[in-house]
Structures are given as C-alpha cells and as structure tokens.
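Read the structure below first, then the notes.
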Amino acid sequence: MYLKYFGLREPPFSLTPDTSFFFACSSYQEALNTLLVAARNGEGFIKIVGEVGNGKTLLCRKFLATLNAGPAAATTAIGTQDSATQPASGGRAKGKFATAYIPNPYLEPRSLLLALADEFRIALDKNVDQHQLLRELTLALLNFAREGKRVLVCLDEAQAMPLESLEVLRLLTNLETEKRKLMQVVMFGQPELDERLKQSSVRQLRQRISFQYVLKSLQREELDRYLRYRLRVAGYSGETLFSSGAVARMHRVTGGTPRLINIIANKALMLVYGEGRQLVQASHIGVAAADTPEARRDWRLWIWSGTAVLLSTLMIAGWVITR
C-alpha cells in the first residue's frame, strides 16, 4: 500500500522470517555464534530458548543458511553485523553439513522419523515398519559420515514435541563412529521447553545439552538501528522514517519484541501514509499500539485516557448540579 510512497522495494516489516532482514543485534549475534561454535563441536544437543515473537525461527533459518554456505561464510558471520545470506533448504547440503529442518515437531515418534527420512531424501517402501525405518536412517547417517559430512537436525517450536519423540531423537544421537556422533540436534523453543525438560523421563537428554542460549529482546539503543536496517534492506534511501520519540515509545509498548515491533511499525507507516506525511511520530505509535492486543499499555496513554474520563465525569456531574 505505502511502498511506492516511501520509495520501498518490498515491505520492510513483514512477519515472514526472511534471512535477508536478519539484524545482528547483541543477543542475536551471540546466539548465532553459539550455534556455529556448537555445530563445529559436533556433539550433544543445543538448546535456544526465547519468548514468543523474539525471532527464533529467523535465527534458525539464518543459522542453517550460514552453516550451509560453507566455512568462509560461517567465519564471517561470527562477530559480524548485518550479514545476510539466502535461506537454506533441508537434506543433502553441499559442503560439510547435511541438515534437516523440522518446522512443526508436534509429531509422534514414527511421524518424526518419517519426516527425517524425507528431509534426508531416503527412499522408503510404502509399508515400512519402524524397525526398518530406524535401520534406513542409521545407514543414511553412516553414509553421511563416510562422505565426511556432519548431520544436524533443527527443531523449531520444540516445546510442542512429545517427550516420546524427543527420546527417539536422543537414541538416534547415541549412534557414533570412533571419532564422533553421527547426528546433532538443535532445539529452538519457548520457555515452556525448559519446563518440559525438567521431567525425569527425559533426564538423559537433559544431560546431553552441551550448549544453550536464552534469546533476548532488542535493547532500547538497538531498536533505532533495527528499524533503519530493515528500511534499508527494503530499499529506503533516506535516513529513517521514525522520529526519536516514535522509537522511544515503540520500545515502551513492545518491550523490544521483534514481532510486535514489526506489527506496530507497519501500522504506523500506514497511518503516516494516510495522512500524507513522511515521518512516524510517537502519536502514530500510540495509535498503532492501541490497535495491537499484545502491545504493552504506555503509561502516558493511561494517564491521558484516565484524565479524559475524569474530565468527562466532572463535566457530566457539573451539568447535573446546575440543572
């Protein structure tokens, strides 16, 4: 709607996890570095936990894209801001890693194994039983090892995975050569994942977690750079479309959560476009936040609305008394 008006090639605040918009703030860069170092280590489970809307899926895709781009890209990504690569696909990747990406892990054990077989492009009989399925997966893992490839499985929304399926994955990670494990697993999940892993039935898996990181929201001083970066990637040639007041209020009402930032920024740009202006002000952020249920209520808005109600009440009371 407003792309041509602001000179943009594409929507700057889409909710689609596009790796070209990956912004390497301190928390995201540290998480990516942790993932890359852990992948090189090649053993155990890796756990990345973050609140809803904190960009876990985008981080996962960025990690896979960087990993599959080769050692040079991985080295560049460590400690580098604003790097961008194309999304990776699962299966037999070129290079040192063979990866599988499971976006919806709410799967029973057999369905999970079938999903892995599909990611690794393993040809199966139509009526394959679980024993044969495990055997074929084991042979595929051994073949990857002979080819010098490391196998890495990424589970998005891992807090939704049944505990029985997590246990099947743990058993698969038991497979090893004399030098290293045949498979490594990265779990991306909400804080509920930590609660699930506290159960005694998965205590062996819990002990296998060799690297972990808690993904945090954007800090106040990072938000302005985040907005500018996404605008620049989308084709904006100016400095910014958000005033300093708008940025400050944006952080107050979103708490630095990227998904909420994108939703409110998009609404604010629509408001500015509708008014024929060129700069988002704090008032636009307030209106956009009021239309977003998950946004925090800005205390300034509460004071304003409370004052308005009080004045209305006094006016009505005064009118009644004078009658």
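The values are calculated or read from the model by the stated rules, or taken from the named source; none is laboratory data. None of the values given here were measured: they were computed from a predicted structure. Here the Cβ is made from the backbone with ideal geometry for all residues, glycine too, and neighbour counts use every protein chain on show.
Computed quantities for the displayed model
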read-out: Close pairs from segment 7-31: first of a type in the set (Val, Ile, Thr), partner part of a loop (DSSP other than H, G, I, E, B), Cβ under 9 Å, at least 6 apart; value: Thr19/Ala84; Thr19/Thr85; Thr19/Gln86; Thr19/Pro87; Thr19/Ala88
read-out: The one condition in (1) at pLDDT 90 or above; (2) out of contact with any Asp or Glu (no Cβ under 6 Å at 6 or more places or on another chain); (3) in a loop (DSSP other than H, G, I, E, B) that Leu112 fails to fulfil; value: (3)
read-out: Failed item, numbered, when Leu260 is tested on (1) touching a residue at least 40 places away in the same chain (Cβ under 8 Å); (2) over 16 Å from the mean Cα position of the chain (by Cα); (3) farther than 14 Å from Phe22 by Cα; value: (2)
read-out: Residue among Arg150, Arg121 that alone is farther than 20 Å from Lys47 by Cβ and not aromatic (Phe, Trp, Tyr); value: Arg121
read-out: Residue check for Ala117: in a helix (DSSP H, G or I), more than 28 Å from the chain's Cα centre (by Cα) and buried (at least 18 other Cβ atoms within 10 Å of the Cβ); value: no
read-out: Segment 1-22, residues that are part of a loop (DSSP other than H, G, I, E, B) and either of a type in the set (S, T, N, Q) or under 16 Å from Arg277 (Cβ atoms) (or both); value: Met1, Tyr2, Gly7, Leu8, Ser14, Thr16
read-out: Residues being assigned to a helix (DSSP H, G or I) and touching a residue at least 24 places away in the same chain (Cβ under 8 Å) - total across segment 202-231; value: 12
read-out: Glu176 vs. criteria in contact with a Gly (Cβ under 6 Å, 6 or more places away or on another chain) and of a type in the set (Asp, Glu); value: no
